[in-house]
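Heads up: the structure comes next, in C-alpha coordinates.
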Amino acid sequence: MQTTSFSQYNIPSIAWVSPPPTTTILHHKITSSGSLSRVLAVASLTATPSRHQVTHSMPPEKLEIFKNLESWVSESILPLRKPVQNCWQPIEFLPDPSQGPDEFEQEVRALRQRVLGLSDEYFVLLVGNMLTEDALPTYQTVFNTFDGVRDETGCSPCPWAIWTRSWSAEENRHGDLLRTYLYLSGRVDMLMIEKTLQYSIGAGADIGAENNPYMGFVYTSFQERATFLTHGNMAKLAKEGGDPVLARICGTIAADEKRHEKAYTRIIEKLLEVDPNTTMLAIGNMMKKRIRMPLHLMYDGQDPNIFEHFSAISERQGVYTSRDYAEMLDFFITRWELEKLEGLTSEARRAQDFVCGLPCKVRKLENRVKKLESRPVKFSWIFNKQVRV
Ligand SMILES: [Fe+2]
Ligand SMILES: [Fe+2]
(Lines give C-alpha, C1' and ligand atoms only; values in the text may rest on other atoms or scores of the structure.)
(Ligands and ions follow the chains in the order given, each with its own letter.)
Protein backbone atom coordinates (compact mmCIF):
# COMPACT_ATOMS: atom_id res chain seq x y z
CA MET A 1 0.00 0.00 0.00
CA GLN A 2 1.16 3.52 -0.69
CA THR A 3 -0.31 6.97 -0.73
CA THR A 4 -1.55 7.81 -4.17
CA SER A 5 -0.55 11.19 -5.32
CA PHE A 6 -0.52 13.64 -8.21
CA SER A 7 0.86 12.93 -11.59
CA GLN A 8 4.45 14.07 -11.94
CA TYR A 9 4.79 17.85 -11.97
CA ASN A 10 1.00 18.28 -11.78
CA ILE A 11 -0.93 20.37 -9.33
CA PRO A 12 -4.64 20.80 -8.82
CA SER A 13 -6.66 23.05 -11.03
CA ILE A 14 -8.59 25.51 -8.89
CA ALA A 15 -10.38 28.42 -10.59
CA TRP A 16 -9.42 31.90 -9.50
CA VAL A 17 -9.76 34.04 -12.62
CA SER A 18 -11.93 34.05 -15.70
CA PRO A 19 -10.90 31.76 -18.60
CA PRO A 20 -8.04 32.86 -20.85
CA PRO A 21 -8.84 35.23 -23.72
CA THR A 22 -8.43 33.24 -26.93
CA THR A 23 -8.47 29.56 -27.69
CA THR A 24 -7.50 27.86 -30.89
CA ILE A 25 -6.68 24.17 -31.02
CA LEU A 26 -7.94 21.34 -28.88
CA HIS A 27 -5.04 19.25 -27.74
CA HIS A 28 -5.37 15.51 -27.25
CA LYS A 29 -3.54 13.31 -24.81
CA ILE A 30 -3.25 9.58 -25.36
CA THR A 31 -5.10 7.88 -22.52
CA SER A 32 -6.92 4.66 -21.96
CA SER A 33 -9.81 4.81 -19.55
CA GLY A 34 -9.76 1.01 -19.40
CA SER A 35 -6.51 0.92 -17.47
CA LEU A 36 -6.80 3.87 -15.18
CA SER A 37 -3.57 4.21 -13.27
CA ARG A 38 -3.41 5.34 -9.67
CA VAL A 39 -1.99 8.64 -10.83
CA LEU A 40 -4.71 9.16 -13.41
CA ALA A 41 -7.26 8.41 -10.72
CA VAL A 42 -5.91 11.37 -8.82
CA ALA A 43 -5.52 13.51 -11.92
CA SER A 44 -9.24 13.12 -12.51
CA LEU A 45 -9.79 14.82 -9.16
CA THR A 46 -7.57 17.69 -10.08
CA ALA A 47 -7.37 18.56 -13.75
CA THR A 48 -8.41 17.31 -17.14
CA PRO A 49 -5.62 15.87 -19.25
CA SER A 50 -6.47 17.95 -22.32
CA ARG A 51 -7.12 21.63 -22.77
CA HIS A 52 -7.52 24.35 -25.34
CA GLN A 53 -4.28 25.90 -26.46
CA VAL A 54 -4.11 29.64 -26.18
CA THR A 55 -1.65 31.48 -28.41
CA HIS A 56 0.09 34.87 -28.20
CA SER A 57 -1.55 35.97 -24.99
CA MET A 58 1.06 38.65 -24.28
CA PRO A 59 -0.07 42.08 -25.53
CA PRO A 60 2.35 43.42 -28.21
CA GLU A 61 3.20 46.49 -26.14
CA LYS A 62 4.92 44.20 -23.62
CA LEU A 63 7.54 43.28 -26.23
CA GLU A 64 9.29 46.51 -25.28
CA ILE A 65 9.90 45.22 -21.76
CA PHE A 66 11.88 42.25 -23.08
CA LYS A 67 13.79 44.46 -25.53
CA ASN A 68 14.74 46.78 -22.68
CA LEU A 69 15.95 43.85 -20.59
CA GLU A 70 18.51 42.71 -23.17
CA SER A 71 21.47 44.43 -21.54
CA TRP A 72 20.35 43.09 -18.15
CA VAL A 73 20.32 39.56 -19.65
CA SER A 74 23.91 40.09 -20.86
CA GLU A 75 25.02 41.23 -17.42
CA SER A 76 22.97 38.98 -15.15
CA ILE A 77 21.98 35.84 -17.05
CA LEU A 78 24.68 35.08 -19.61
CA PRO A 79 27.37 34.83 -16.88
CA LEU A 80 25.41 31.83 -15.53
CA ARG A 81 26.55 29.86 -18.58
CA LYS A 82 29.62 27.75 -18.02
CA PRO A 83 32.40 28.27 -20.59
CA VAL A 84 32.77 25.15 -22.75
CA GLN A 85 36.41 24.71 -21.68
CA ASN A 86 35.21 24.41 -18.05
CA CYS A 87 32.25 22.13 -18.80
CA TRP A 88 32.25 18.40 -18.25
CA GLN A 89 31.63 16.17 -21.27
CA PRO A 90 29.91 12.76 -21.35
CA ILE A 91 33.06 10.82 -22.30
CA GLU A 92 34.66 11.78 -18.99
CA PHE A 93 32.15 9.53 -17.19
CA LEU A 94 32.17 6.66 -19.68
CA PRO A 95 34.50 3.84 -20.69
CA ASP A 96 37.04 5.42 -23.01
CA PRO A 97 37.20 3.59 -26.36
CA SER A 98 40.49 5.32 -27.28
CA GLN A 99 42.31 3.06 -24.81
CA GLY A 100 43.40 -0.38 -25.83
CA PRO A 101 40.54 -2.86 -26.44
CA ASP A 102 41.32 -4.78 -23.23
CA GLU A 103 41.08 -1.70 -21.01
CA PHE A 104 37.90 -0.59 -22.75
CA GLU A 105 36.29 -4.01 -22.33
CA GLN A 106 37.35 -4.08 -18.71
CA GLU A 107 35.70 -0.73 -18.04
CA VAL A 108 32.49 -1.84 -19.75
CA ARG A 109 32.49 -5.04 -17.71
CA ALA A 110 33.00 -3.04 -14.51
CA LEU A 111 30.10 -0.76 -15.48
CA ARG A 112 27.83 -3.74 -16.06
CA GLN A 113 28.87 -5.20 -12.74
CA ARG A 114 28.17 -1.95 -10.87
CA VAL A 115 24.58 -1.67 -12.12
CA LEU A 116 23.62 -5.18 -10.97
CA GLY A 117 22.52 -3.81 -7.61
CA LEU A 118 20.04 -1.37 -9.16
CA SER A 119 16.37 -2.35 -9.42
CA ASP A 120 14.23 -2.59 -12.55
CA GLU A 121 12.21 0.34 -11.19
CA TYR A 122 15.40 2.37 -11.04
CA PHE A 123 16.07 1.61 -14.69
CA VAL A 124 12.55 2.61 -15.73
CA LEU A 125 13.10 5.94 -14.01
CA LEU A 126 16.55 6.40 -15.50
CA VAL A 127 15.15 5.73 -18.98
CA GLY A 128 12.28 8.19 -18.42
CA ASN A 129 14.71 10.83 -17.20
CA MET A 130 17.05 10.18 -20.10
CA LEU A 131 14.20 10.49 -22.59
CA THR A 132 13.09 13.71 -20.92
CA GLU A 133 16.59 15.07 -21.50
CA ASP A 134 16.97 13.63 -24.96
CA ALA A 135 13.75 15.19 -26.26
CA LEU A 136 15.68 18.46 -26.31
CA PRO A 137 14.65 19.45 -29.86
CA THR A 138 11.11 19.79 -28.48
CA TYR A 139 12.20 22.19 -25.74
CA GLN A 140 14.32 24.41 -27.95
CA THR A 141 11.36 24.55 -30.33
CA VAL A 142 9.02 25.52 -27.49
CA PHE A 143 11.43 28.21 -26.22
CA ASN A 144 11.50 29.72 -29.66
CA THR A 145 7.73 30.11 -29.60
CA PHE A 146 8.06 32.70 -26.79
CA ASP A 147 7.30 36.18 -28.13
CA GLY A 148 10.00 38.80 -27.61
CA VAL A 149 12.80 36.41 -26.65
CA ARG A 150 12.92 33.89 -29.49
CA ASP A 151 15.95 33.19 -31.63
CA GLU A 152 14.80 34.83 -34.86
CA THR A 153 17.50 33.40 -37.11
CA GLY A 154 18.98 30.35 -35.43
CA CYS A 155 22.14 32.31 -34.59
CA SER A 156 20.70 35.64 -33.45
CA PRO A 157 23.04 37.90 -31.45
CA CYS A 158 20.13 38.88 -29.15
CA PRO A 159 21.15 38.00 -25.55
CA TRP A 160 17.89 36.10 -24.96
CA ALA A 161 18.66 33.91 -27.99
CA ILE A 162 22.31 33.46 -26.94
CA TRP A 163 21.10 32.16 -23.58
CA THR A 164 18.64 29.73 -25.16
CA ARG A 165 21.28 28.27 -27.49
CA SER A 166 23.85 27.96 -24.70
CA TRP A 167 21.27 26.41 -22.37
CA SER A 168 20.38 23.93 -25.09
CA ALA A 169 24.04 23.07 -25.72
CA GLU A 170 24.57 22.43 -22.00
CA GLU A 171 21.42 20.33 -21.77
CA ASN A 172 22.39 18.26 -24.80
CA ARG A 173 25.14 16.56 -22.76
CA HIS A 174 22.62 15.24 -20.22
CA GLY A 175 20.72 12.99 -22.61
CA ASP A 176 23.93 11.91 -24.39
CA LEU A 177 25.58 10.78 -21.18
CA LEU A 178 22.56 8.97 -19.72
CA ARG A 179 21.75 7.27 -23.03
CA THR A 180 25.28 5.94 -23.49
CA TYR A 181 25.39 4.71 -19.89
CA LEU A 182 22.05 2.94 -20.33
CA TYR A 183 23.26 1.40 -23.60
CA LEU A 184 26.39 0.02 -21.97
CA SER A 185 24.51 -1.24 -18.92
CA GLY A 186 22.78 -3.98 -20.90
CA ARG A 187 19.77 -3.66 -18.60
CA VAL A 188 17.42 -1.90 -21.01
CA ASP A 189 15.81 -2.47 -24.40
CA MET A 190 17.49 0.20 -26.53
CA LEU A 191 15.24 -0.45 -29.52
CA MET A 192 12.09 0.33 -27.51
CA ILE A 193 13.78 3.33 -25.92
CA GLU A 194 14.78 4.69 -29.32
CA LYS A 195 11.24 4.18 -30.61
CA THR A 196 9.86 6.00 -27.57
CA LEU A 197 12.16 8.92 -28.24
CA GLN A 198 11.07 9.13 -31.86
CA TYR A 199 7.37 8.98 -30.92
CA SER A 200 7.89 11.53 -28.17
CA ILE A 201 9.79 14.13 -30.18
CA GLY A 202 7.17 13.67 -32.90
CA ALA A 203 4.39 14.31 -30.38
CA GLY A 204 5.97 17.51 -28.99
CA ALA A 205 4.97 19.15 -25.73
CA ASP A 206 2.12 21.30 -24.56
CA ILE A 207 3.50 23.34 -21.68
CA GLY A 208 0.63 25.84 -21.83
CA ALA A 209 2.82 28.93 -22.04
CA GLU A 210 0.75 30.59 -24.78
CA ASN A 211 3.86 31.99 -26.56
CA ASN A 212 4.04 34.20 -23.51
CA PRO A 213 7.56 34.63 -22.08
CA TYR A 214 6.23 35.57 -18.62
CA MET A 215 4.48 32.21 -18.46
CA GLY A 216 7.30 30.42 -20.27
CA PHE A 217 9.90 31.49 -17.72
CA VAL A 218 7.63 30.49 -14.85
CA TYR A 219 7.44 27.04 -16.44
CA THR A 220 11.20 26.78 -16.95
CA SER A 221 11.88 27.84 -13.34
CA PHE A 222 9.70 25.00 -12.06
CA GLN A 223 10.99 22.55 -14.62
CA GLU A 224 14.65 23.14 -13.83
CA ARG A 225 14.03 22.78 -10.11
CA ALA A 226 12.03 19.60 -10.71
CA THR A 227 14.86 18.09 -12.75
CA PHE A 228 17.40 19.19 -10.14
CA LEU A 229 15.43 17.32 -7.45
CA THR A 230 14.86 14.30 -9.68
CA HIS A 231 18.48 13.79 -10.76
CA GLY A 232 19.61 14.46 -7.18
CA ASN A 233 17.34 11.71 -5.86
CA MET A 234 18.47 9.36 -8.63
CA ALA A 235 22.06 10.01 -7.53
CA LYS A 236 21.21 8.99 -3.96
CA LEU A 237 19.52 5.79 -5.13
CA ALA A 238 22.47 4.93 -7.40
CA LYS A 239 24.86 5.32 -4.49
CA GLU A 240 22.70 3.14 -2.25
CA GLY A 241 22.45 0.58 -5.07
CA GLY A 242 26.22 0.32 -5.37
CA ASP A 243 27.05 2.43 -8.43
CA PRO A 244 29.10 5.46 -7.35
CA VAL A 245 29.88 6.41 -10.97
CA LEU A 246 26.20 6.65 -11.87
CA ALA A 247 25.65 8.57 -8.62
CA ARG A 248 28.30 11.06 -9.74
CA ILE A 249 26.70 11.30 -13.20
CA CYS A 250 23.24 12.07 -11.80
CA GLY A 251 24.70 14.47 -9.25
CA THR A 252 26.67 16.31 -11.92
CA ILE A 253 23.57 16.68 -14.10
CA ALA A 254 21.61 17.89 -11.05
CA ALA A 255 24.22 20.61 -10.51
CA ASP A 256 23.66 21.87 -14.08
CA GLU A 257 19.91 21.93 -13.48
CA LYS A 258 20.45 23.96 -10.32
CA ARG A 259 22.42 26.57 -12.28
CA HIS A 260 19.68 26.70 -14.91
CA GLU A 261 17.05 27.05 -12.19
CA LYS A 262 19.01 30.03 -10.89
CA ALA A 263 18.88 31.71 -14.31
CA TYR A 264 15.14 31.31 -14.89
CA THR A 265 14.30 32.17 -11.29
CA ARG A 266 16.35 35.34 -11.64
CA ILE A 267 14.43 36.25 -14.81
CA ILE A 268 11.07 35.96 -13.02
CA GLU A 269 12.47 37.93 -10.10
CA LYS A 270 13.43 40.73 -12.53
CA LEU A 271 10.06 40.60 -14.27
CA LEU A 272 8.34 40.92 -10.88
CA GLU A 273 10.41 44.04 -10.32
CA VAL A 274 9.66 45.72 -13.67
CA ASP A 275 6.12 44.43 -14.27
CA PRO A 276 4.69 42.88 -11.07
CA ASN A 277 1.05 42.66 -12.16
CA THR A 278 1.63 40.78 -15.43
CA THR A 279 4.22 38.54 -13.80
CA MET A 280 2.00 37.68 -10.85
CA LEU A 281 -0.84 36.89 -13.25
CA ALA A 282 1.49 34.68 -15.29
CA ILE A 283 2.57 32.76 -12.17
CA GLY A 284 -1.08 32.33 -11.17
CA ASN A 285 -2.05 31.26 -14.65
CA MET A 286 0.65 28.61 -14.87
CA MET A 287 -0.19 27.32 -11.40
CA LYS A 288 -3.86 27.22 -12.24
CA LYS A 289 -3.38 25.18 -15.38
CA ARG A 290 -0.69 23.10 -13.59
CA ILE A 291 2.95 22.58 -14.55
CA ARG A 292 3.24 19.47 -16.65
CA MET A 293 6.37 17.50 -17.22
CA PRO A 294 7.65 18.31 -20.71
CA LEU A 295 7.53 14.71 -21.89
CA HIS A 296 3.92 14.17 -20.82
CA LEU A 297 3.05 13.02 -24.36
CA MET A 298 5.64 10.23 -24.30
CA TYR A 299 4.65 6.99 -25.99
CA ASP A 300 6.47 3.73 -26.72
CA GLY A 301 4.06 2.35 -29.33
CA GLN A 302 2.60 -0.08 -26.75
CA ASP A 303 1.43 1.46 -23.51
CA PRO A 304 -0.98 4.40 -23.95
CA ASN A 305 -0.48 5.27 -20.27
CA ILE A 306 3.29 4.98 -20.16
CA PHE A 307 3.75 8.50 -18.83
CA GLU A 308 1.31 7.90 -15.97
CA HIS A 309 2.98 4.60 -15.17
CA PHE A 310 6.41 6.22 -15.21
CA SER A 311 5.12 9.02 -12.93
CA ALA A 312 3.60 6.48 -10.54
CA ILE A 313 6.93 4.69 -10.18
CA SER A 314 8.66 8.00 -9.60
CA GLU A 315 6.19 8.76 -6.81
CA ARG A 316 6.53 5.27 -5.37
CA GLN A 317 10.34 5.37 -5.38
CA GLY A 318 10.36 8.86 -3.86
CA VAL A 319 12.25 10.31 -6.82
CA TYR A 320 9.69 13.02 -7.58
CA THR A 321 6.56 13.21 -5.47
CA SER A 322 3.60 15.45 -4.81
CA ARG A 323 5.31 16.43 -1.57
CA ASP A 324 8.23 17.69 -3.66
CA TYR A 325 5.73 19.71 -5.68
CA ALA A 326 4.31 21.40 -2.61
CA GLU A 327 7.83 22.11 -1.39
CA MET A 328 8.73 23.60 -4.76
CA LEU A 329 5.74 25.91 -4.50
CA ASP A 330 6.89 27.02 -1.06
CA PHE A 331 10.39 27.53 -2.40
CA PHE A 332 9.28 29.84 -5.23
CA ILE A 333 6.79 31.75 -3.08
CA THR A 334 9.66 32.54 -0.72
CA ARG A 335 12.29 33.06 -3.41
CA TRP A 336 10.14 35.53 -5.32
CA GLU A 337 8.72 37.02 -2.13
CA LEU A 338 5.23 36.69 -3.54
CA GLU A 339 3.49 37.21 -0.21
CA LYS A 340 5.16 40.59 0.16
CA LEU A 341 4.12 42.02 -3.24
CA GLU A 342 2.18 45.22 -2.77
CA GLY A 343 0.23 47.63 -4.94
CA LEU A 344 -1.11 44.94 -7.26
CA THR A 345 -4.31 45.25 -9.30
CA SER A 346 -7.28 43.36 -7.89
CA GLU A 347 -6.86 40.62 -10.51
CA ALA A 348 -3.16 40.21 -9.69
CA ARG A 349 -4.01 40.20 -5.99
CA ARG A 350 -6.40 37.32 -6.58
CA ALA A 351 -3.60 35.47 -8.37
CA GLN A 352 -1.28 36.24 -5.44
CA ASP A 353 -3.80 34.85 -2.93
CA PHE A 354 -4.35 31.80 -5.07
CA VAL A 355 -0.65 31.00 -5.48
CA CYS A 356 0.27 31.68 -1.86
CA GLY A 357 -2.54 29.41 -0.68
CA LEU A 358 -1.70 26.63 -3.09
CA PRO A 359 0.92 24.63 -1.14
CA CYS A 360 -1.58 24.13 1.65
CA LYS A 361 -4.27 23.00 -0.83
CA VAL A 362 -1.85 20.60 -2.54
CA ARG A 363 -0.92 19.04 0.82
CA LYS A 364 -4.56 18.76 1.91
CA LEU A 365 -5.49 17.12 -1.37
CA GLU A 366 -2.62 14.69 -1.04
CA ASN A 367 -3.85 13.66 2.40
CA ARG A 368 -7.39 13.16 1.09
CA VAL A 369 -6.35 10.81 -1.68
CA LYS A 370 -7.26 7.20 -1.07
CA LYS A 371 -4.63 4.53 -0.72
CA LEU A 372 -4.71 2.10 -3.60
CA GLU A 373 -3.16 -1.32 -3.97
CA SER A 374 -0.13 -1.33 -6.21
CA ARG A 375 -0.35 -3.42 -9.34
CA PRO A 376 2.13 -4.83 -11.84
CA VAL A 377 2.68 -3.12 -15.20
CA LYS A 378 4.91 -4.25 -18.04
CA PHE A 379 7.51 -1.80 -19.31
CA SER A 380 8.82 -2.20 -22.84
CA TRP A 381 12.02 -0.33 -21.86
CA ILE A 382 13.08 -3.25 -19.65
CA PHE A 383 12.14 -6.06 -22.04
CA ASN A 384 8.49 -6.13 -20.88
CA LYS A 385 9.42 -7.08 -17.36
CA GLN A 386 6.83 -6.13 -14.76
CA VAL A 387 7.25 -3.48 -12.14
CA ARG A 388 4.70 -2.32 -9.58
CA VAL A 389 3.02 1.03 -10.05
FE1 LIG B 1 18.82 18.53 -18.21
FE1 LIG C 1 18.28 22.12 -17.14
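The values are calculated or read from the model by the stated rules, or taken from the named source; none is laboratory data. Predicted model only: the values in this text are computed from it and were never measured. Cβ sites come from the backbone with ideal geometry, for glycine too, and all protein chains shown count toward neighbours. The accessibility values were calculated without ligands, DNA or RNA, using every heavy atom of the protein model including side chains. Shrake-Rupley method; radii C 1.70, N 1.55, O 1.52, S 1.80 Å.
Computed on protein heavy atoms with a 1.4 Å probe, the accessible areas place Lys288, Lys364 in the order Lys364, Lys288, largest first. The distance from the alpha carbon centre of the stretch 64-117 to that of the stretch 280-306 is 27 Å, rounded to a whole number. Taking the Cβ of His260 as the centre, find all other residues whose Cβ is under 11 Å away and add up their charges (Lys, Arg: +1; Asp, Glu: -1). Summing Lys and Arg as +1 and Asp and Glu as -1 gives +1.
Heavy-atom accessible area with a 1.4 Å probe sorts Ser119, Ser314, largest first, into Ser119, Ser314.
The alpha-carbon of Lys361 sits under 17 angstrom from the alpha-carbons of these aspartates and glutamates, leaving out residues fewer than 8 places away in its chain: Asp324, Glu327, Asp330, Glu339, Asp353. Applying a DSSP loop filter and a limit of 15 other Cβ atoms within 10 Å to the GluC sites (Glu not before Pro) in the stretch 289-386 leaves Glu337, Glu342, Glu373.
Between Asp96, Asp147, Asp330, which gets the highest mean-square fluctuation from a Gaussian network model of the chain, Cα cutoff 10 Å? Top of the fluctuation ranking is Asp96. Among Leu136, Leu271, Leu191, the residue with the largest mean-square fluctuation in a Gaussian network model of the chain, with springs joining Cα atoms closer than 10 Å, is Leu191.
For the chain, the spherically averaged projection of the C-alpha convex hull amounts to 19.2 nm². By the combined test of axial Cα extent (at least 18 Å) and Kyte-Doolittle hydropathy (mean at least 0.5), the qualifying DSSP H helices of the chain come to 190-203. Segment Glu92..Gln198, full-extension length gain: 35.5 nm, with 0.36 nm per residue of separation and the alpha-carbon distance subtracted.
Rule-of-thumb check for the stretch 47-96: C-alpha Rg over 2.2 N^0.38 Å? Present the calculation step by step, with values, prior to reporting the outcome.
On the way: Rg = 19.9 Å, N = 50, 2.2 N^0.38 = 9.7 Å.
It is 2.04.
Among Gly242, Gly154, Gly216, the largest mean-square fluctuation in a Gaussian network model of the chain (Cα springs under 10 Å) belongs to Gly154.
With protein chains left intact and a 1.4 Å probe, residues in the chain average 43 Å² of accessible area per residue.
For the chain, with all protein chains in place and a probe radius of 1.4 Å, 52% of the accessible heavy-atom surface sits on carbon or sulfur.
Say the cut-off is 30 Å between C-alpha atoms; which of Lys67/Lys364; Lys67/Lys258; Lys236/Lys270; Lys67/Lys289; Lys340/Lys364 go over it? From the list (Lys67/Lys364; Lys67/Lys258; Lys236/Lys270; Lys67/Lys289; Lys340/Lys364), the Cα-Cα distance tops 30 Å for Lys67/Lys364; Lys236/Lys270. Among the protein heavy atoms, those of Tyr219 account for about 10 Å² of accessible surface (1.4 Å probe, every chain in place).
Between the stretch 139-175 and the stretch 336-389, the alpha-carbon centres lie 28 Å apart. Taking each pair of distinct Cα atoms in the stretch 68-133 once, what is the resulting Kirkwood hydrodynamic radius in Å? The answer is 15.8 Å.
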